[in-house]
Amino acid sequence: MKKILITALCLCFSLGMMAQQDRLEKTVTTKTKVKTNKGEEVAIKKQKVSENRDLKLSETGATNQMLMRGDKVIQSSTLFIENDINFSIEPDDKGYVIKKQTDGKMVNYGVIRKLPNKDLYLLHTPKFDAVGYFDLSGNFVVGSYDDNTDAVVLKKYKLKR
């Protein structure tokens, strides 16, 4: 009987410790129909949004306790594709982080920072630096200088459809 009581108390305590965060995740799907000379195309943009809130107990000292929700932290991730390779752009403290899918896992590929006074962004990777922008379709278009051809090379990270 004593073991059952101790086990029940431990179980209740561990469940109470796990419930200190409130998490909401949702996936927003946006469909856009575009009429072109080739016909009608449907573009689908999927964006994963998650929201975390810390749960805190009030410190009033009363027998009845009140539960307060902390400040919410919103995170979103958008999937892109370039040359049949999946990329993910996620916000961070200074801009965005771009991740590349390698062997089924998303690994850091570089960082994206907003340039002042323009709607331009700087993409910095270990292999190159490029200047980019988000076009009207939501694609991330970057241009970088190629030493071999002495020209600017454009690369488009298309929204995953």
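Throughout, read-outs are computed from the coordinates displayed, never taken from laboratory work. These numbers come from a predicted model, not from an experiment. Counting neighbours? That spans all protein chains shown, and the Cβs are built from the backbone with ideal geometry, glycine included.
Here is how the numbers come out for the structure above:
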item: Neighbourhood charge, 13 Å Cβ-Cβ cut-off, centred on Val153 and excluding it, Lys, Arg +1 and Asp, Glu -1; result: -2
item: Positive minus negative residues near Gln101 (Lys, Arg vs Asp, Glu; Cβ under 12 Å); result: +1
item: Per-residue HN-Hα couplings for the stretch 136-144 [Karplus 6.51, -1.76, 1.60; θ = phi - 60°; Hz; x = Gly/Pro]; result: 5, 8, x, 6, 9, 9, 10, x, 9
item: Interchain or long-range residues, amide H under 5 Å from Gly110's placed H; result: Ile98
item: HN-Hα J in Hz across the stretch 121-135 - Karplus 6.51, -1.76, 1.60, θ = phi - 60°, x for Gly and Pro; result: 10, 9, 9, 10, 10, x, 9, 7, 10, 8, 10, x, 8, 9, 7
